[in-house]
Amino acid sequence: MLDVSELDTFYGKAQVLHGMSFAVGQGEVVALLGRNGAGKTTTLKSIMQLVPPRGGRVTFGGRDITGWPPHRVAQAGLGYVPEERRIFTQLSVVENLEVGRQPPRDGAVAWTEGSLFELFPNLAERRRNAGKALSGGEQQMLTIARTLMGNPALVLLDEPSEGIAPVIVEQMAHAILRLKAEGLTVLLSEQNLHFARAVADRAVIVEHGEVKFDGTLADLEAHPEIRDAYLSV
Amino acid sequence: MGLILAQLLTGLANAGALFMVASGLSLIFGVTRIVNFAHGSFYMLGAYVGYSFMQVLPGAVGFWGAILLAGLAVGLIGALVEILVLRPVYSAPELFQLVATFGVILVVQDLALMIWGPTDLLGPRAPGLGSIVRIMGEPVPQYDLALIAITPFVALGLWYLITRTRVGVLVRAATQDREMVGALGVNQRWLFTGTFFLGCALAGLGGALQLPKGGADLLMDFTILAQVFVVVVIGGMGSLPGALLASILISVLNVFGVTFLPQSTLVLMYLVMVAVLMWRPFGLLGREEVAGELGQVGEPEEPIAPAGRAVQALTALGLAALASLPLWGGNFAIVLATDILIFCLFAASLHFLLGQGGLVSFGHAAFFGGGAYVAALSVKYADTPMELALLLAPLGAGIAAIAIGYVALRATGVYFAMLTLAFGQLLWSLVFQWGEVTGGDDGIVGVWPASWASGNGVFFYLAFTFSVGGILLLRHAAHAPFGYALRAARDAHARAEATGLATHRLQWAAFAFAGMLAGLAGGLFVFSKGSVFPNELEIARSFDALIVVFLGGVKTLSGGWVGGAVFKGLEDTLTRFEYWRLALGLTIIAVVILAPEGIVGGLRKLARRLGLVRAADAPARQKEPAE
C-alpha cells in the first residue's frame, strides 16, 4: 500500500535519510523503531512531503506522490499525526476536528465527531474547551482524532506514546488496535519497544537514516543482539 | 456637553472605515504572515472605484450598490495581486514579501493617476443622507449616523464568519500553524487567496464608504496606512475585536485632538501607541508571538566571509573610478553621485541592523531625518559651522536611537518593527506640527556647506569620504567580535544568552550604531541639498531604505549599499518619465520574483552557476541533529 524507496532527505546541507527503503502492506501496523535522532520523524515527514526528499520515491496506493504538496498527500488518504501534537490551542476541541474534516473516501472508514468521541471518551467531555486547556494525554487523543476526521486509509503516527501518563499509553494502544480492527493501515514511529510489541505486526529499525532490520516482532525477539545494537540506550 | 457628544459621534463615524481597513490588514497578516504595505492602496482603490460606480449607477440603490461593488472589485484585485505577485515569493525569506507589496503601492499610485487624474475627487453625497441633524444643538451629518449604524453590522458579519463558519475555523487554525493545516488536507494556496480577497474587499469597502466624507485623492494610501498600522498594533496583530476597539480609540482621540489640541493631533496618536505597547507589548487584545514565528526560516544562513581577492580588487577599482569622477564627469553626474553615496550610507546602516542584528526596523528614517534636522537646526539657531554640525548630526541621531531603542527593543519581531515605525512617525509629526521651531511643512532652507566645501567637486569628496568610510566601518563591525555576537543573538537567542552574551545590550548597541550612521548620512544630505523637509522623516523614506536593503539582499554583506546605488540610480533614471512609479514598482516586483535573494544574492548564485566563484559550502561535512 505504501512503498518507500531509496529516500534521501536533507535539512539544509545535512543529510538525514540515506536511501531509506521499506514497505507497508494493507491493514498492517508497522512500527518504525530507532533511537533519538535516527531519522524516524524525518521519514514520516518525508512520506508526507512536509520535508520533501531530494532523492527516492514514495508510492501510495499505486500512485507516485513524491513532490506533491502536503495537502494533496492528505487528500489522497494519508493521515499525519505529528510528534509535537500541534493542536490548534486557540480552537475548541470540535473546531480542531473541523479543521481535519475531509469528505468520505471509498474503502476507508468514514469517521464522524460521534464515532471519534466514542473512541476517545475523554474528548467528548471537553468538546467546548480550548485546545490549550487540555492535558497532554487529551491533546494526544485530539491530534489523532483530528487526523482521523480526514478519513485516511493510512495513518502516520509519530511517537504516540511519548510524554503521556502510563494509563493513557494503555488507552492509546487500545485505540491503535481499534483502528487496525476497523481496517486502517498504521505506520508509527516509536522508541518504546514495549509499546510497539503491544500494537505492531512488524518492525522496521532505523539508524543513521538507514534501515537496519525489517521483520516481524517475533523475528526481533529471536535476535536480541539486534535490539541491543540499535534500540538499547 | 452637546459638543462633546457631537465629537464622539464624529469619532465613531470615522472609526468605521478605519476598522474595516485595519481588520483586513490584521486578517491578512494573521493567516499569511505578510505585512501588507499595499493595504492603504486597496483602500484608495476602493474610494476611486466606488466613485466611478457612483457616476454610472443612479439613486440610493446605485449609491449603496456602488459601495458594495467597489468592495467586491477591490477584493478581486487583491486576489489577483496575491496570485500574480505574492504566490511566486512565498518561499522567499520571511518579510521579503513586503517588498513586493511595496512595489504594488507604486503601481497602484500610477494606475490611479492614469485612470482618475491628479485632481482630488469630491465624494458624492449619499442620497437622502446629505443633510445634518441637530443633536443637543450641535450639527451632526446624517451620513455619520449612517456609518455608525453600518459598522456594527460589518463587524458582526465578520465575527460570524470568523467564529461560526468552517472558513473561519480554517483561517484561525492557519493563523496558528499553517503547515499543519496543509498536512490535514487543506489547500493553503486558496486559503491565502481567499484571505487576501476578504482583507482587500474590506479595505475597498472602507474606502468607498468614506467617499461622502473624504472623497478620493492620491495621498490617501499612505495617510491611512500609518493610521491602520497604529490601530492594528494597539489592538493586537490578528485580533479583530482589538482592531475594533483600537479604531474607535484612535478615531475618537483624533477628533478630540483636532478640537482641543490642534497642534498635536498626530503626535497624540503615536504617543498613545507607544504607551499601550509599553504597557502591553502585544497590543490590547493580541496574543504573544510564538518565538521564531517571524524569525529567519528556511535554509540556514551561510557564514559571512570577506569577499575574495578578485571582488575586493574590483571594488577598489570601482571606488577609484568613482573618486576620479570630478575629473571627468559633468556637474550633473557629480551631484547624482553625491546623492547616491549619501543614500548608500543610509541604506547600509539599516542593512547592518537587519542583516547582522536581525532587527527589522520600519522607522529608520527617524535617524536619517533626525540627523538632518539636528544639523539644520544647529545651523539655523546657533550658526554652527558645517564641520561641527556634521558631528552633531550623528551624535543627535545616536542619542535618539539609544532612547528609541530602549523602548522598541522590549518588543520583538513585527511589534518591534511597528514600534520603530511609531517612533519614526512621532518624530515626523513633532517636526511637522511644531512649525515655530522646525518650520513645519516649509522645512528649513539655506543650510549650505562651509565655503571651502561649497563646490560640487569638493563636497562630493566630502560625501565620498564619509559615506565610504561609514560603510567600511559597518563592514569592519560585521567582521569584528561585535558582529559575531550580534549574529549569534540573531540566530540562536537563548544559546547566545547561555554562552554569556548580553543579547539585549548588544542589539541596543547595534541599534544606536546604525542610527548614528544614518544620522551622519542625514547630516551630509542637508548640506548637499541646502534644505530639509519633514518628508525626510516620513514613513515613505523608511520604506525606501527597507526596500533597498531587501532588494540588495539581506543575507549578503554588501546588499545595503549595492541596493542603494541601484535603487537611487534607477529612481533617478525613471523619474524623468511621467509614470516612473509604475516602472519602478514593476521593476521591484520583477526583482522580487526573479531574484528572491536580492541583487547581490542573485549575482552570487549566478557566478557560482557559471563557475566563477567556488561555492562556500562545497565540502559539506558537518552533521546537524536530525529531529
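The values are calculated or read from the model by the stated rules, or taken from the named source; none is laboratory data. As the structure is a computational prediction, the values presented were derived from the model and not from experiment. Cβ coordinates were reconstructed from backbone atoms using ideal geometry, including for glycine residues, and neighbour counts include every protein chain displayed.
Given the options B:T119, B:T151, name the one that is outside any loop (DSSP other than H, G, I, E, B), away from chain A (no Cβ under 14 Å) and either polar (S, T, N, Q) or under 23 Å from B:G59 (Cα atoms) (or both). Spell out the reasoning first.
On the way: B:T119 fails: outside any loop (DSSP other than H, G, I, E, B).
None of the other options fit; the residue is B:T151.
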So, restricting to helices (runs of 4 or more DSSP H) that lie completely within region B:452-556, which ones have at least 3 residues that are among the hydrophobic types (A, V, I, L, M, F, W, C) and more than 30 Å from B:M386 (Cβ to Cβ)? B:481-491, B:493-498, B:539-552
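Would you pick out the residues in region A:5-48 that are more than 13 Å from chain B (Cβ to nearest Cβ), more than 19 Å from A:D201 (Cα to Cα) and buried (at least 23 other Cβ atoms within 10 Å of the Cβ)?
Start the filter on region A:5-48 by keeping residues that are more than 13 Å from chain B (Cβ to nearest Cβ), which leaves A:5-8, A:19, A:21-33.
Next, only the ones that are more than 19 Å from A:D201 (Cα to Cα) stay: A:5-8, A:19.
Within region A:5-48, just A:L7 meets the criteria.
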Do you know which residues across region A:128-146 are within 15 Å of A:P166 (Cβ to Cβ) and outside any helix (DSSP H, G or I)? A:S135
Could you go through region B:583-594 and let me know if any residue there is over 16 Å from the mean Cα position of the chain (by Cα), closer than 25 Å to B:L472 by Cα and surrounded by fewer than 23 Cβ atoms within 10 Å (Cβ to Cβ). no
What about B:L27, is it touching a helix residue (DSSP H, G or I) at 6+ places or on another chain (Cβ under 8 Å) and under 23 Å from B:A173 (Cα atoms)? yes
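Could you check region A:100-115 and list, in sequence order, the residues that are in contact (Cβ under 8 Å) with a residue 12 or more places away in the chain and either part of a loop (DSSP other than H, G, I, E, B) or under 17 Å from the mean Cα position of the chain (by Cα) (or both)?
Let us first name the residues in region A:100-115 that are in contact (Cβ under 8 Å) with a residue 12 or more places away in the chain, namely A:100-105, A:107-111, A:113.
Within region A:100-115, A:G100, A:R101, A:Q102, A:P103, A:P104, A:R105, A:G107, A:A108, A:V109, A:A110, A:W111 meet the criteria.
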Consider A:G79 carefully, then state whether it is within 12 Å of chain B (Cβ to nearest Cβ) and at negative phi. yes
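Please determine whether any residue of region A:60-82 is more than 25 Å from A:N192 (Cα to Cα), among the β-branched types (V, I, T), more than 16 Å from the chain's Cα centre (by Cα) and part of a loop (DSSP other than H, G, I, E, B). Reasoning before the result, please.
Taking region A:60-82 first, the residues more than 25 Å from A:N192 (Cα to Cα) are A:60-77.
Checking the rest, the ones that are also among the β-branched types (V, I, T) come to A:65-66, A:73.
From what is left, the residues that are more than 16 Å from the chain's Cα centre (by Cα) are A:65-66.
This time we only want the ones that are part of a loop (DSSP other than H, G, I, E, B), so: A:65-66.
Yes, region A:60-82 contains a residue that is more than 25 Å from A:N192 (Cα to Cα), among the β-branched types (V, I, T), more than 16 Å from the chain's Cα centre (by Cα) and part of a loop (DSSP other than H, G, I, E, B).
From the list B:G329, B:G371, B:G396, which residue is farther than 27 Å from B:R490 by Cβ, at pLDDT 95 or above and surrounded by 15 or more Cβ atoms within 10 Å (Cβ to Cβ)?
Details: B:G329 fails: at pLDDT 95 or above; B:G371 fails: farther than 27 Å from B:R490 by Cβ.
B:G396 is the lone residue from the list that is farther than 27 Å from B:R490 by Cβ, at pLDDT 95 or above and surrounded by 15 or more Cβ atoms within 10 Å (Cβ to Cβ).
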Pick from B:L377, B:L395, B:L314, B:L391: which is more than 26 Å from B:G553 (Cβ to Cβ), out of contact with any helix residue (DSSP H, G or I) (no Cβ under 8 Å at 6 or more places or on another chain) and of a type in the set (A, V, I, L, M, F, W, C)? B:L391
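Each row is one residue, and each column tells you yes or no for (1) more than 28 Å from A:H71 (Cβ to Cβ); (2) within 14 Å of chain B (Cβ to nearest Cβ); (3) in contact (Cβ under 8 Å) with a residue 40 or more places away in the chain; (4) not β-branched (V, I, T).
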position: A:A130; (1), (2), (3), (4): no, yes, yes, yes
position: A:L156; (1), (2), (3), (4): no, yes, yes, yes
position: A:V167; (1), (2), (3), (4): yes, no, no, no
position: A:H174; (1), (2), (3), (4): yes, no, no, yes
position: A:L188; (1), (2), (3), (4): no, no, yes, yes
position: A:Q191; (1), (2), (3), (4): yes, yes, yes, yes
